[in-house]
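Peer 1: One structure coming up, written as C-alpha cells, with questions to follow.
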Amino acid sequence: MTSVAQQTIPLIIVAGLSGAGKSSALKVFEDMAYYTIDGLPVSMAPQFLEVLTGCGLESYKGIVLGVDVRQCTLKNGWSDFIEVLCAAGYAPTVIFLESRADVILRRYKETRRPHPFEGHGVGLEQAMTNERILMAPARVEADFIFDTSEYSIHDLRRVLQRRWQSEENDVKGLKVHLMSFGFKHSTPSEADMIFDLRFLPNPHHDPELRKYTGQDDVVVSYVLKHSMGQTYLKKLEDLLHFTLLQMEKEGRYRITIAFGCTGGKHRSVSVTEAIYEFLKKTDFAVSKEHRHINLA
C-alpha cells in the first residue's frame, strides 16, 4: 500500500557523469534542508526509501538520492528503476549532470582521484567513455540536464537554488546572524566579518551611563546620536547591504557578522541593534545575539 509519505514527499534522483558535480549538487540540496544520501546502488533504492519514509521526515523538504548505476541488477536497468519507484507511489524528478570529456579529464587530473570505472586495464579516458555509454538511458529519461562544463561550484549552487529553493515567505536566501561581543573577553571564532567599534564614544566612562546597556535609549543616544555616529552608521548600512547582496548572488547561505567593543555591553550592543533593525527591512533572514552583555 502506498503511504502518505510516499504520496507527498518530493523525491529527487541525482545521476550523471563522475566529475560533473554530483557530490556538490547533493551538498547544495542538503543545505536547502533535503535529506540526502550519496552512492546508493540503484537496486537498493526502493527498499531504502520504504524504510526511510517510515522514519518521520517532517523536518525535511524532500529526499535526494545520488545513485550508483554500476551495480544495478534490474533487467532493463534505469527504466526498470524508475518504474519500480513509480509503482511504489513516488514521483521522482531526475537530474542529470554532465560535462564535456575534456573538462572531466582535467578535473580528474587536478584532483588525482581515480575514476569509478578505472582499473583492470581500463584507463581514465576509456573509463569516461564506458560511463557515458552506461549512463545514456538515465540521460534520456532525465527531467533536467545540466552541463556543468563552465560551472564553478557557486554557479551550480545558484542554478539549483533558483529551481528548488523554497518560495515560502519564511525562508530567505541568505541568513545573517549579528553578534555583539567584548574584545576583553574573546573574539568570536565563528564570525565571518568583525567590526571594531572601540573608536566610538564609550559610555563606560560616564558613571551615570555605566549601569545601562546598548539596548537602552540613553546609551544609544550617547553612542550614535551625534554626527560622527550617524555618519558611521549610514556608511556601515550601505557597506553591509551591498556586501550581503553580492554574497547572496554567490550562493552563500549564512554569514555571521560580529561587532566588538571593549566589554561588549554598550557600543557593540547599540550598533548590533541598529544594524538588526536596518536589515529587518530587507529580504535577508536576520538574527542577533549579545554574547557578553552580562559579563562587562
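Yes/no per residue for (1) within 20 Å of the chain's Cα centre (by Cα); (2) modelled with pLDDT under 80:
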site: I12; (1), (2): yes, no
site: V28; (1), (2): yes, no
site: M32; (1), (2): yes, no
site: V42; (1), (2): no, yes
site: V51; (1), (2): no, no
site: L57; (1), (2): yes, yes
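Peer 1: Would you confirm, using the coordinates I've provided, whether Y232 is part of a helix (DSSP H, G or I), under 28 Å from the mean Cα position of the chain (by Cα) and more than 29 Å from D155 (Cα to Cα)?
Peer 2: It is false that Y232 is part of a helix (DSSP H, G or I), under 28 Å from the mean Cα position of the chain (by Cα) and more than 29 Å from D155 (Cα to Cα).
Peer 1: Which one of these is at pLDDT 90 or above, of a type outside the set (F, W, Y) and surrounded by 15 or more Cβ atoms within 10 Å (Cβ to Cβ): E98, E118?
Peer 2: Just a single option satisfies the conditions, and that option is E98.
Peer 1: Name, by its number, the condition in (1) of a type in the set (A, V, I, L, M, F, W, C); (2) without any contact (Cβ under 8 Å) to a residue 40 or more places away in the chain; (3) closer than 13 Å to I13 by Cβ that does not hold for V122.
Peer 2: Result: V122 passes all but (3).
Peer 1: Which is touching a residue at least 24 places away in the same chain (Cβ under 8 Å) and either part of a helix (DSSP H, G or I) or hydroxyl-bearing (S, T, Y) (or both), of A20, A33, A25, A91?
Peer 2: Sole residue among the options that is touching a residue at least 24 places away in the same chain (Cβ under 8 Å) and either part of a helix (DSSP H, G or I) or hydroxyl-bearing (S, T, Y) (or both): A25.
Peer 1: For the stretch 251-269, give me the residue count where each residue is surrounded by 20 or more Cβ atoms within 10 Å (Cβ to Cβ), out of contact with any Pro (no Cβ under 9 Å at 6 or more places or on another chain) and either aromatic (F, W, Y) or more than 30 Å from R163 (Cα to Cα) (or both).
Peer 2: Count: 6.
Peer 1: Looking at S152, S221, S180, can you tell me which residue is modelled with pLDDT under 90, at negative phi and not basic (K, R)?
Peer 2: Testing whether each residue is modelled with pLDDT under 90, at negative phi and not basic (K, R) leaves just S152.
Peer 1: In the stretch 243-296, what residues are outside any loop (DSSP other than H, G, I, E, B), at pLDDT below 95 and under 20 Å from the mean Cα position of the chain (by Cα)?
Peer 2: Once the filter is applied, which keeps residues that are outside any loop (DSSP other than H, G, I, E, B), at pLDDT below 95 and under 20 Å from the mean Cα position of the chain (by Cα), the stretch 243-296 yields L245, Q246, M247, E248, K249, R254, I255, T256, A285, V286, S287, K288.
Peer 1: Ok, one more. So is R107 surrounded by 15 or more Cβ atoms within 10 Å (Cβ to Cβ), closer than 28 Å to V159 by Cβ, modelled with pLDDT of 90 or more and not β-branched (V, I, T) or not?
Peer 2: It is true that R107 is surrounded by 15 or more Cβ atoms within 10 Å (Cβ to Cβ), closer than 28 Å to V159 by Cβ, modelled with pLDDT of 90 or more and not β-branched (V, I, T).
Peer 1: For the stretch 141-152, indicate whether the set of residues that are in a helix (DSSP H, G or I) and either not assigned by TED's automatic domain parsing to the domain that holds F96 or not polar (S, T, N, Q) (or both) is non-empty.
Peer 2: No, there is no match, as no residue in the stretch 141-152 is in a helix (DSSP H, G or I) and either not assigned by TED's automatic domain parsing to the domain that holds F96 or not polar (S, T, N, Q) (or both).
Peer 1: Right, next: Within the stretch 197-211, does at least one residue satisfy the condition of being assigned to a helix (DSSP H, G or I), free of Cβ contacts under 8 Å to residues at least 12 places away in the same chain and over 21 Å from V94 (Cβ atoms)?
Peer 2: yes
Peer 1: Quick one: D216 ticks every box in (1) under 22 Å from the mean Cα position of the chain (by Cα); (2) farther than 30 Å from A33 by Cβ except a single one, so which number is it?
Peer 2: Checking D216 against (1) under 22 Å from the mean Cα position of the chain (by Cα); (2) farther than 30 Å from A33 by Cβ, the one that fails is (1).
Peer 1: Continuing with this model, one more query. Of all residues being loosely packed, with under 12 Cβ neighbours inside 10 Å and within 27 Å of W164 (Cβ to Cβ) in the stretch 71-90, which is modelled with the highest pLDDT? Just the residue, please.
Peer 2: Filtering the stretch 71-90 for residues that are loosely packed, with under 12 Cβ neighbours inside 10 Å and within 27 Å of W164 (Cβ to Cβ), the one modelled with the highest pLDDT comes out as C86.
Peer 1: Looking at L156, L85, L134, which is the one that is within 30 Å of K249 (Cβ to Cβ) and in contact (Cβ under 8 Å) with a residue 40 or more places away in the chain?
Peer 2: None of the others qualify; the one that does is L156.
The values are calculated or read from the model by the stated rules, or taken from the named source; none is laboratory data. Not measured: the values here are computed from a predicted model. Don't worry about glycine lacking a Cβ; one is built from the backbone with ideal geometry, like all the others, and counts go over all protein chains shown.
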